[in-house]
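Here's the structure, in structure tokens; my notes come after.
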Amino acid sequence: MNSPALAAARQSLRAVFGFADFLPGQEAAIGRLLEGRSVLTVFPTGAGKSLCYQLPALELEGLTLVISPLIALMKDQLDFLVARQVPAGRLDSSLDRAATLDVYDALNRGQLKLLYISPERLNNERFLRSLERRKISLLAIDEAHCISEWGHNFRPDYLKIARLARQLGVERVLCLTATATPQVVQDVCREFAIATDDLVHTGFYRPNLRLAVSPATATDRDALLINRLGRRPRGPTVVYVTLQKTAERVAEFLTAAGYPARAYHAGMETQERTAIQDAFMASEQMIVVATIAFGMGVDKSNIRYVYHYNLPKSLESYSQEIGRAGRDGQEAICELFACADDVVVLENFAYGDTPTPQALRSFVDDVFERGDPLDVSTYELSDRHDLRPLVVKTILTYLELDGILQSTGPFYSTMKFQPQKSSAAILSQFDARRAAFLGQVFRHAKKQRIWFHLDLDATAAALQTPRERVAAAIGYLEERGDLIVQAAGLREGYRVRQAPSDRQSLADSLMERFAHRERQEIARVRRVVQFAEQPGCLTRHMLEYFGETRPDCGHCSRCAGVAARTLPAATVRPPDATARAEIQRLPQRYPQPLGHPRQLARFLCGISSPATSRAKLRTHDRFGYCESVPFHEVLRWIEDGTMPG
């Protein structure tokens, strides 16, 4: 592949980015994009995926839009690009108003070559209106495996991206992932019409990673971790755990033992997490004890050790997490402390998102009694039917996939604004026709203490104009800095393409779909256990899961002669006799949040829901009382009336 466009890109590679040559797979992906083709890249973590859109962005006319769920990645990449005088910006929830206005100003002036956004930004009606005025030469989607319904990290918002790309007339798409099974690859290529020849897959094998598995009981792991840290040379280390409270406890334990350790999890304030991440980046010996919130987008090349104190939830997650080690090509050790007690916690997470049949039936009735077209609020539906917001989004996505609903896009029911100059000064900037329209909009806004509140639908109806025109006008004034705007009441609009003739059958089919997903998530946890117990080469076993065939690696713990062992049995502590009578009374006392056996089982296993949160039951003595017991056993006890005690 030796086109003039690729030759120019190679010059930019050296002059702008300072790299002497492409890494494996980069040239093939970039060449195809410059030819106008859409591409899926499957590169291991740290293999240079970001250059595959950063470099074409400089060579293509128009804007490159990058969608990533990782704010840390956006910030780090933006710092890298700005340091090389590449005109780039980002829009995310961490920016203040002044910084947001600066980005919009640069976007409106056509000064940006790259713009980073989160998937949630696609729910911002004003932003979508702004995009419709742009030429988008390239849409890059990081973590593209999230689009697959059968992937390990399905996110309903991602399915909107393919539709949005068509709506905006995007010229080419680049999907990027480090964890894709053959089924997920097929799903992504189908959604974005990517040809088979335009899949660039470099393989997952990293010869410098030394994989090891050590079976352990829950009480053994602290001593095992201290043993490993003590006998190996110190170096930047990540210890992955499942729960936030575990991160705090293990970090305190290591600190008391004389190690420079810090906890890191999503429950911390952003400023504290940033400080810990910055300290880790600058350190040669620091240990971060973290949930999966850490590492995404952290580009530290010399991480020497990754320990899994708890089992990862899937082999996909494990692959991503160990992929953060040894990016400098030097040897790195990735050791998994395999404990059967973790299986209960991970499986209970999987059970937590499965709705009750009653919740699904009431949800279906609610949606299809609204008429056509209809609009819904995710959080209202979540609260009304005791379904987590992500579950609500997933149900609506299933209804779209099945051709029952058709999305008409997100919108806000109200906007509130604070003028930054007088109405007269704002209106004087426009011709008479536009000024008259804006004046009418302003007159329909109701002044409260600080904010003016504007009902978009009511205003549009009164002015006999599309509500999109009203929203676009307010959004435009916000971009100019004339107004501070806050939108409220996010709703999703739909048309009914095919009303269900039998709502119960539809609810039953949705129930089976969630049950299937539940079984899939449980199977993923079990595959991690199989990986930990299987007797052959660990590296080869991992690669086979992702559809790659290689001989034994020769350097994992199995290849080094450490024999496989069955994991020690989990410690299960069923309820004692004194708790039984109280637990049996809970459904009568709390019929709304705990009336269904599955609701009660979730509560006893420490899995919250909108109804238990609303009833303030997370502080109840019995919340999480059975967290060491497999969910399916707790559910069976409740349904059969056979709870021990």
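The values are calculated or read from the model by the stated rules, or taken from the named source; none is laboratory data. The structure displayed is predicted, hence computed values, not measured ones. FYI the Cβ positions are ideal-geometry reconstructions off the backbone, even for glycines, and counts take in every protein chain you see.
Checking each residue in region 135-180 for being part of a loop (DSSP other than H, G, I, E, B) and modelled with pLDDT of 85 or more picks out LYS135, ASP142, GLU143, LEU168, GLY169, VAL170, GLU171, ARG172. Residues of region 501-512 that are touching a helix residue (DSSP H, G or I) at 6+ places or on another chain (Cβ under 6 Å) and under 14 Å from THR354 (Cβ atoms): ALA507, LEU510, MET511.
Considering only residues in region 501-551 that are among the β-branched types (Val, Ile, Thr) and out of contact with any Ser or Thr (no Cβ under 8 Å at 6 or more places or on another chain), the one that is farthest from PRO207 (Cα to Cα) turns out to be ILE522.
Matching residues to (1) crowded, with 22+ Cβ neighbours inside 10 Å; (2) small (Gly, Ala, Ser); (3) within 30 Å of ASP222 (Cα to Cα):
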{"site": "ILE287", "(1), (2), (3)": "yes, no, yes"}
{"site": "CYS334", "(1), (2), (3)": "yes, no, yes"}
{"site": "ASP372", "(1), (2), (3)": "no, no, no"}
{"site": "TYR379", "(1), (2), (3)": "no, no, no"}
{"site": "LEU387", "(1), (2), (3)": "yes, no, no"}
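The single residue among ARG540, ARG519 that is in a helix (DSSP H, G or I), without any contact (Cβ under 8 Å) to a residue 24 or more places away in the chain, over 21 Å from THR397 (Cβ atoms) and among the basic types (Lys, Arg) turns out to be ARG540. Could you go through region 568-577 and let me know if any residue there is in contact (Cβ under 8 Å) with a residue 12 or more places away in the chain, closer than 23 Å to ILE333 by Cα and of a type in the set (Asp, Glu). No - not one qualifying residue is present in region 568-577. Looking only at region 58-108, residues that are out of contact with any strand residue (DSSP E or B) (no Cβ under 8 Å at 6 or more places or on another chain), free of Cβ contacts under 8 Å to residues at least 12 places away in the same chain, part of a helix (DSSP H, G or I) and not acidic (Asp, Glu) come to 4 in all. Scanning region 227-271 for residues that are in contact with a strand residue (DSSP E or B) (Cβ under 7 Å, 6 or more places away or on another chain) and assigned to a helix (DSSP H, G or I) returns ARG228, ALA247, GLU248, VAL250, ALA251, LEU254, THR255. Here ARG388 meets the list (1) of a type outside the set (A, V, I, L, M); (2) on the phi > 0 side of the Ramachandran plot; (3) touching a helix residue (DSSP H, G or I) at 6+ places or on another chain (Cβ under 8 Å) almost entirely, failing just condition (2).
Results for (1) part of a helix (DSSP H, G or I); (2) surrounded by 15 or more Cβ atoms within 10 Å (Cβ to Cβ); (3) in contact (Cβ under 8 Å) with a residue 40 or more places away in the chain; (4) in contact with an Asp or Glu (Cβ under 9 Å, 6 or more places away or on another chain), shown as yes or no for each residue.
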| position | (1), (2), (3), (4) |
| --- | --- |
| ALA7 | yes, no, no, no |
| SER12 | yes, yes, yes, yes |
| GLU27 | yes, yes, no, yes |
| GLY31 | yes, yes, no, no |
| GLY36 | no, no, yes, yes |
| GLY48 | no, yes, no, no |
